[in-house]
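The values are calculated or read from the model by the stated rules, or taken from the named source; none is laboratory data. Given the structure is predicted, the values throughout are model-derived calculations rather than measurements. Cβ sites come from the backbone with ideal geometry, for glycine too, and all protein chains shown count toward neighbours. SASA here: full protein model, heavy atoms, side chains in, ligands and nucleic acids out. Shrake-Rupley method; radii C 1.70, N 1.55, O 1.52, S 1.80 Å.
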Protein chains: 2
Amino acid sequence: MFDPESLKKLAIEIVKKSIEAVFPDRAVKETLPKLNLDRVILVAVGKAAWRMAKAAYEVLGKKIRKGVVVTKYGHSEGPIDDFEIYEAGHPVPDENTIKTTRRVLELVDQLNENDTVLFLLSGGGSSLFELPLEGVSLEEIQKLTSALLKSGASIEEINTVRKHLSQVKGGRFAERVFPAKVVALVLSDVLGDRLDVIASGPAWPDSSTSEDALKVLEKYGIETSESVKRAILQETPKHLSNVEIHLIGNVQKVCDEAKSLAKEKGFNAEIITTSLDCEAREAGRFIASIMKEVKFKDRPLKKPAALIFGGETVVHVKGNGIGGRNQELALSAAIALEGIEGVILCSAGTDGTDGPTDAAGGIVDGSTAKTLKAMGEDPYQYLKNNDSYNALKKSGALLITGPTGTNVNDLIIGLIV
Amino acid sequence: MFDPESLKKLAIEIVKKSIEAVFPDRAVKETLPKLNLDRVILVAVGKAAWRMAKAAYEVLGKKIRKGVVVTKYGHSEGPIDDFEIYEAGHPVPDENTIKTTRRVLELVDQLNENDTVLFLLSGGGSSLFELPLEGVSLEEIQKLTSALLKSGASIEEINTVRKHLSQVKGGRFAERVFPAKVVALVLSDVLGDRLDVIASGPAWPDSSTSEDALKVLEKYGIETSESVKRAILQETPKHLSNVEIHLIGNVQKVCDEAKSLAKEKGFNAEIITTSLDCEAREAGRFIASIMKEVKFKDRPLKKPAALIFGGETVVHVKGNGIGGRNQELALSAAIALEGIEGVILCSAGTDGTDGPTDAAGGIVDGSTAKTLKAMGEDPYQYLKNNDSYNALKKSGALLITGPTGTNVNDLIIGLIV
């Protein structure tokens with residue numbers, strides 16, 4: 001039914017088409033017409049900001065009085081009408097982040113109760129939209145962010161701390177816009193879609209407290225200055241009356257799409273989880289053990305089968321190689337699937353990036369580990385050194401899509417025939 | 001439909017009854033009558049040795065000319081006819097292991113081509129049935145075994161090394177019994193039931209080579225003496241003509257039983273994998289993410305649902321607490337399931353032991369982590385310190401069955417209503 005090459009092509013096709021279903025422009029164009037907005041100020045923040053803004057302009061045109069876009073370097077694609085378009089640092093905020101956030105606040109400070117901010121928010125906003133509280137430097141926030149990232153803290157824990165050091169996170173942006181209204185269209189990159197956590201929840205009441213933030217630092221043994229501690233103690237807003245939020249895309253939607261695409265191709269398809277959040281290499285091994293059960297025992301699904309997982313795994317970096325969680329998950333699965341025919345696993349960041357590499361993830365089968373061994377390479381040593389990028393590159397198992405403009409966590413599919 | 005207490009009782013009932021289905025006596029009594037054996041020498045080795053021998057005696061009676069049983073301390077339950085019954089060290093071989101193995105070899109050395117050894121083999125045989133090759137001391141093997149266990153090496157990798165240092169492993173026992181015949185009844189505690197790996201395959205041609213054994217030591221950076229290296233280079237038998245093997249129980253069978261029991265109780269039940277072998281705490285987190293998908297999205301199974309997993313996870317010990325892989329898996333799941341109602345996870349070693357503790361594993365729900373926090377305890381710190389036993393003990397979440405007499409890896413079930 002499928003030789004390895006065609007199975008590989010099919011897996012890539014399903015992953016790419018599923019990601020397209022959560023392209024921000026599609027989602028914005030589906031939602032905006034229902035809201036009959038007029039005379040809005042558009043603020044787009046996040047890795048998908050440019051495409052969301054472009055789509056909004058194509059729907060609303062001159063009903064947008066003013067537009068400002070803040071996205072990641074290399075993620076903007078040219079001018080949109082007279083919008084101000086900025087690029088800033090991700091995953092760690094930089095000086096451009098500070099400048100553009102200050103510019104956005106300047107704009108909204110001039111609004112009154114008759115105005116509306118159309119706020120287009122996507123993942124990455126935590127780093128792209130940031131202005132520290134008085135007495136806190138960006139440098140201190142940067143040091144804290146990378147220490148938290150390296151210690152394997154979840155994005156939720158990282159945002160709990162950053163919300164309590166920011167003038168825009170944790171509902172403070174919407175508080176600042178008041179009395180003008182905020183209509184937010186949100187693309188979720190947070191498992192469970194918690195609105196107070198997505199991009200550190202600039203337009204949602206903050207459910208986390210100063211005490212929570214201090215506990216996160218303690219849990220990961222991270223030291224901070226007195227001024228940072230004082231800033232953290234200023235509590236974020238717990239109620240906001242001027243906000244209307246629409247969740248226009250998330251990991252559920254990309255997994256639902258993958259399931260229907262796989263079914264169309266004749267596969268028995270099922271979503272196993274959409275909140276995968278354990279260690280990447282162990283997730284790869286676990287998924288491989290489920291794929292083996294399908295292969296040799298026709299359960300939990302009968303072959304041809306498509307197992308679908310959504311979520312965001314974690315990597316505790318110990319080695320000095322390069323890679324990302326999806327590449328590490330794929331390499332680990334390749335080791336566990338070695339020698340098994342008719343199986344393929346594709347793990348991809350839906351935003352097209354995976355760690356500090358140009359890859360979106362990896363696509364491996366039962367021959368990937370063998371290919372490396374035939375070159376005298378030990379796939380296990382690459383995994384141990386967190387060097388999944390180089391292992392997958394050598395075995396032709398990298399998945400490269402380029403920036404996709406969307407960002408709803410990661411999609412992993414396992415095809416078994 | 002189910003309050004927490006009755007859900008907990010049901011989970012324990014399903015786990016206990018599933019383990020009973022792979023009790024060695026049941027399996028031996030189902031198989032022996034079909035083999036019409038006579039005038040046999042019985043050799044029973046492993047954690048389930050006593051019960052397998054007892055059952056064989058109840059079937060064959062005086063057709064057993066001579067019997068010898070080698071099991072783990074506390075796992076023999078009194079005399080069986082005039083059988084010689086010994087207990088020895090597990091998980092690390094000791095002086096009693098050496099003495100009893102020498103005694104067994106003495107017995108089989110007197111046999112001829114008309115004789116048959118009824119060899120009853122179960123997990124734990126690697127440690128209970130051992131006589132080092134000339135020039136290798138037990139002490140060197142013990143050091144190697146605990147170094148390999150601590151480094152997280154799989155049981156397969158550990159056995160590859162031990163087979164090449166032993167007079168009985170890797171097919172050498174059957175080779176020694178020749179020209180007499182070996183009829184082996186095997187209870188498998190190895191994922192995939194590989195006969196050359198179960199109890200280090202004393203009666204099966206060894207598929208691993210001296211080179212494989214040296215690679216395992218290198219992979220985990222373990223140093224050895226020159227005499228150990230010389231011993232390893234003596235190759236194990238690759239062909240055995242005098243052996244007949246019957247696989248009478250394994251993790252598949254215990255999972256199949258759990259599935260039918262859960263179905264009888266009205267649950268949608270499915271086996272997700274029977275070769276789970278990743279890090280215990282990450283497996284707990286992954287399983288919790290599947291249970292959440294069932295709870296909130298009614299997939300991959302509709303509620304009331306029973307998710308069934310079989311396998312043997314690994315723990316990389318870094319802390320100085322106490323516990324076992326099943327207790328660590330359960331504690332990790334408890335953290336991830338905190339606050340969710342109508343969910344329960346039970347993780348149990350089918351032999352009734354889990355790490356160096358008196359527990360078989362753990363049984364947790366959405367209240368377990370909260371119970372600990374209410375006592376001012378941080379479940380995450382217990383997990384970090386590999387101290388799952390104490391965390392589960394404090395929250396009344398230990399599963400204690402006592403030695404079960406069987407040993408087919410671990411069974412994990414998740415019930416969601």
Per the Kirkwood definition applied to all pairs of different Cα atoms, how many angstroms is the hydrodynamic radius of the stretch B:349-417?
12.9 Å
The stretch B:23-249: relative contact order as a whole-number percent, Cα under 8 Å and 6+ apart
20 percent
Could you name the residue in chain B with the C-beta closest to the rotation axis that superposes chain B on chain A, along with the separation in whole Å?
B:Glu282, 2
Residue span B:Asp212 to B:Gln381: 0.36 nm per residue of separation minus Cα-Cα distance leaves a gain in nm of 57.0 nm
Pop out the ³J(HN,Hα) list for the stretch B:343-350 in order, Karplus 6.51 cos²θ - 1.76 cosθ + 1.60 with θ = phi - 60°, rounded to Hz; leave Gly and Pro as x.
10, 8, 10, 10, 10, 9, x, 5
In terms of modelled amide H atoms, which long-range or inter-chain residues lie less than 5 Å from the amide H of B:Asp94?
B:Gly89
Shortest-first nm distances, B:Asp94 label point to equivalent points in other copies (7 Å, Cα→Cβ):
6.3
List the aspartates and glutamates whose Cα sits under 19 Å from the Cα of B:Lys63, skipping any in the same chain fewer than 8 residues away.
B:Asp25, B:Glu30, B:Asp38, B:Asp81, B:Asp82, B:Glu84, B:Glu113, B:Asp115, B:Glu244
Remind me, relative contact order of the stretch B:45-163 in percent, using alpha carbon pairs under 8 angstrom and six or more residues apart?
28 percent
Angle, helix A:4-20 long axis vs. longest principal axis of chain A, Cα atoms, 0 to 90°, nearest 10?
10 degrees
Quick one: check the C-alpha center-to-center distance for the stretch B:13-31 versus the stretch B:193-220, whole angstrom.
28 Å
At 7 Å out from Cα toward Cβ: B:Asn385 inter-copy label distances (nm, ascending)
3.6
For the stretch A:302-379 and the stretch A:53-97, distance of Cα centres in Å
33 Å
I need the inter-copy label distances for A:Asn112: point set 7 Å along Cα to C-beta, values in nm with one decimal, smallest first.
11.6
Ignoring everything except DSSP H segments at least 4 long, calculate the 222 nm mean residue ellipticity for chain A; use -39,500 (n - 2.57) per segment, divide by total residues, nearest 500.
-12000 deg cm²/dmol
What figure in square angstrom, to the nearest 10, would you give for the accessible area of A:Thr31 with a 1.4 Å probe?
20 Å²
Go ahead and run the numbers for FRET between A:Asn320 and B:Glu95, Cβ-Cβ distance against an R0 of 30 Å, rounding to 0.05.
0.10
For the protein assembly as shown, give me the percentage of DSSP beta bridges that are antiparallel, rounded to the nearest 5 percent.
40 percent
Rolling a 1.4 angstrom probe over the protein chains, ignoring ligands and nucleic acids, what is the accessible area of B:Glu244 in square angstrom, nearest 10?
60 Å²
Cα long-axis angle, helix A:251-264 against chain A (0 to 90 degrees, to the nearest 10):
40 degrees
Per the 1.4 Å probe, what fraction of the accessible area of the stretch A:23-249, in percent, lies on carbon and sulfur atoms?
51 percent
For every other residue with a beta carbon closer than 11 angstrom to the beta carbon of A:Ile141, add +1 if it is Lys or Arg and -1 if Asp or Glu, then tell me the sum.
-1
In order over the stretch A:148-154: 3J(HN,Hα) from phi, Karplus 6.51/-1.76/1.60, θ = phi - 60°, whole Hz, x for each Gly or Pro, gives 5, 4, 5, 7, x, 5, 6
Longest exposed-loop-site-free stretch of chain A, with trypsin sites (Lys or Arg not before Pro), DSSP loop and at most 15 other Cβ within 10 Å?
A:40-193
If you place +1 on the Cβ of every Lys and Arg, -1 on the Cβ of every Asp and Glu, and leave all else neutral, what size is the dipole of the stretch A:23-249 about its Cα centre, to the nearest 20 Debye?
400 debye
Using a 1.4 Å probe, how large is the accessible area of A:Cys346, given in Å² and rounded to the nearest 10?
0 Å²
For A:Lys99, list the lysines whose Cα falls under 23 Å from its own Cα; do not include residues on the same chain fewer than 8 positions away.
A:Lys47, A:Lys54, A:Lys66, A:Lys72, A:Lys143, A:Lys163, A:Lys169
Ordering B:Met52, A:Met375 by accessible area with a probe of 1.4 Å, largest first, what comes out?
A:Met375, B:Met52
Pairing the Cα long axis of helix B:95-109 with the longest principal axis of chain B, what angle in degrees results, from 0 to 90 and rounded to the nearest 10?
50 degrees
Proximal lysines relative to B:Lys265, as straight alpha-carbon distance under 26 Å, when same-chain residues fewer than 8 apart are discounted:
A:Lys297, A:Lys302, B:Lys8, B:Lys9, B:Lys16, B:Lys17, B:Lys253, B:Lys292, B:Lys295, B:Lys297, B:Lys302, B:Lys303
Could you pull the Cα extents of the protein assembly as shown along its three principal axes, largest to smallest, in whole Å?
100, 54, 50
Averaging sequence separations of C-alpha pairs under 8 Å and six or more residues apart, then dividing by the length of the stretch A:249-314, give the relative contact order as a whole percent.
48 percent
Per residue accessible area of chain B, 1.4 Å probe, in Å²
36 Å²
From the protein chains alone at 1.4 Å, what is the descending order of accessible area for A:His75, B:His316, A:His239, largest first?
A:His239, B:His316, A:His75
Using each residue's phi in the stretch A:380-385, evaluate 6.51 cos²θ - 1.76 cosθ + 1.60 at θ = phi - 60° and report the 3J(HN,Hα) Karplus result to the nearest Hz, with x for Gly and Pro.
5, 5, 4, 5, 4, 8
Of A:Trp50, A:Trp204, which has the most accessible area with a 1.4 Å probe, and how do the rest follow in descending order?
A:Trp204, A:Trp50
Can you give the accessible area buried between chains A and B, summed over both chains, with a 1.4 Å probe, in Å² to the nearest 100?
2700 Å²
